[in-house]
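Following: one structure in structure tokens, then a few remarks.
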Amino acid sequence: MMETNSQQRPVNVRKRSVMELVSLEVGEMYASPLVDRLKGSAEGTTIGNTTVLLAQKSGFCYGVRRAVDLAHATCQVFPERRKFLIGEMIHNPEVNQNLRDLGIVTLPWKEMTQQYEELTSEDVVIIPAFGVPVAFMEKLHEKGVSVVDTTCGDVMTVWRRVKANAKEGITSIIHGKMEHEETLATVSRAKGADGKGHYVVVRDEHEAGFLAAYIRGGVKDEDFFEKFSGACSVGLEPGVALRRIGMANQTTMYRKETERLQEILLHAVIDRDGHNERFHIYNTICNATQMRQDSLKTLIGQDIDVLFVVGGFNSSNTTHLVEVGQRHVPTFFIRNAEAIESFEEIWHYDIENQKVDRGELSELFSQDSAVRIGITAGASCPNHLLEQTLVKIFQLRGVSTEVLA
């Protein structure tokens, strides 16, 4: 449900005639019949001694495609008005640049600057797929702008859960990254309508273990606040607030990790109380994220020699695909096909050290050796980037692109 007041002007740009034009426009920019065809083939495509397999579920999810479509529709419906987007629509640099090329101006998302004060009732502001914190919505209401809300439905499901927690006096434990746009939007709603709700954001198993130790009585309050500084609600009294807790998560987190965090905290509550009545579990991992993780596991099980993960380096769901891949096969996280200059120079993102690094596969990719290559992408990566990667790999293997048509 959209938060509104009398001053806000939510607008619906999903007019049939507009969306028909948008579907063609977005399709021309991002679609790939070749990728669609290969996704429908579990055996992939083999030419000579090179086999490329695509994860059956990869690339744009419904929520991302909907958000991109709505941004394009906004430009169709309001060609003469100023159009703004809070932060990035999704975590893909090419898609975001294309929106800027359409004339959509980016507003800051970490803080409200003077740009927000300069908005007028004639302006249109697009809410990105991650959503935005309540304070941003309130500012838009105050300025009386027209709002096009593209927030993903799965994100809104999490919001409903944490708002219900606040109403019921349950502290939300949110598995997520505190610096991520979606998590910032979620914690603002975990405070509840009266602002008295509480939350703690837990990033990984280490932080969950620390929180579990506090629940069991093995950590002092001052140590708790030092550990979760900036990642818990203002005014939280942990000794009281953590008596009843409910798990939620950033929708793009790795499901197995979320389940592990739930297990850690559940056991801590049982150790403290002797029962689990004060621990509440809700599955708020988005289906698209889960399907891409499951599809990657299937791909890895097809005896691939190497994996390429395509997408934006700041994409959380894509990063988790990289983490899954790295446990099983050599994995390269690339932004697009240009990163593969040759099999001796692959410019990939090192998620552990958070930097772009040079990798090579010269031995594996000798022209005489048979190879099986897997390709996948997160929910924010369009199909045409997958196609470009696939074509580049075959070209470097000496295969004409005409064969792929």
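Summary of computed values
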quantity: Geometric extent, Cα atoms of segment 159-301 - Rg, Dmax (angstrom); calculated: 14.9, 50
quantity: Whole-Hz ³J(HN,Hα) from phi, Karplus 6.51 cos²θ - 1.76 cosθ + 1.60, for segment 44-53, glycine and proline x; calculated: x, 10, 10, 10, x, 9, 10, 10, 10, 10
quantity: Rh (Kirkwood; distinct C-alpha pairs) - segment 5-68, Å; calculated: 14.9 Å
quantity: Separation between Cα centres of segment 237-292 and segment 64-96, rounded to whole Å; calculated: 34 Å
quantity: Scattering profile of segment 58-203 at q = 0.09, 0.11 Å⁻¹ [log10 I(q)/I(0), Debye over alpha-carbon scatterers]; calculated: -0.29, -0.43
quantity: P(r) tail fraction, segment 1-129 - alpha-carbon pairs more than 18 Å apart, %; calculated: 63 percent
quantity: Stokes-Einstein D (µm²/s) once Rh is taken as the Kirkwood radius of segment 158-226 over alpha-carbon pairs, at 10 °C in 1.306 mPa s; calculated: 126 µm²/s
quantity: Share antiparallel - DSSP beta bridges, segment 247-370, percent rounded to 5; calculated: 65 percent
quantity: Solvent-accessible area per residue, Å², over the chain with all protein chains present [probe radius 1.4 Å]; calculated: 44 Å²
quantity: For segment 244-312, radius of gyration divided by Kirkwood radius, i.e. Rg to Rh on alpha-carbons; calculated: 1.14
quantity: Under-5 Å amide H pairs with Gly197, H placed in peptide plane, nonlocal only; calculated: Gly192
quantity: Restraint check, Lys139/Lys196; Lys177/Lys227; Lys110/Lys177; Lys167/Lys256, Cα-Cα greater than 23 Å; calculated: Lys167/Lys256
quantity: Nearest 10 degrees, 0 to 90: helix 16-30 Cα axis against the chain principal axis; calculated: 60 degrees
quantity: Rounded to 10°, Cα long-axis angle of helix 287-300 versus longest principal axis of the chain; calculated: 40 degrees
quantity: For segment 48-93, alpha-carbon Rg and Dmax in angstrom; calculated: 16.6, 55
quantity: Karplus-derived 3J(HN,Hα), 6.51/-1.76/1.60, for each residue of segment 78-86, Hz, glycine and proline x; calculated: 10, x, 9, 9, 5, 10, 10, 10, 7
quantity: Where only C-alpha atoms are counted, convex hull volume of the chain per residue in Å³; calculated: 152 Å³
quantity: Average Cα contact separation per residue, segment 210-330, under 8 Å, 6 or more apart, as relative contact order %; calculated: 26 percent
quantity: Cut-off under 5 Å, modelled amide H: who pairs with Leu85 long-range; calculated: Val105, Thr106, Leu107, Ile126
quantity: 14 Å beta-carbon shell around Glu182, net charge (K/R +1, D/E -1); calculated: +1
quantity: Rounded percent of accessible protein surface that carbon and sulfur make up, the chain, 1.4 Å probe; calculated: 48 percent
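The values are calculated or read from the model by the stated rules, or taken from the named source; none is laboratory data. Keep in mind it's a predicted model, so treat the numbers as computed, not measured. Positions of Cβ are backbone-derived with ideal geometry, glycine not excepted, and every protein chain shown enters the neighbour counts. Protein only, heavy atoms only, side chains kept; ligands, DNA and RNA dropped before computing areas. Shrake-Rupley method; radii C 1.70, N 1.55, O 1.52, S 1.80 Å.
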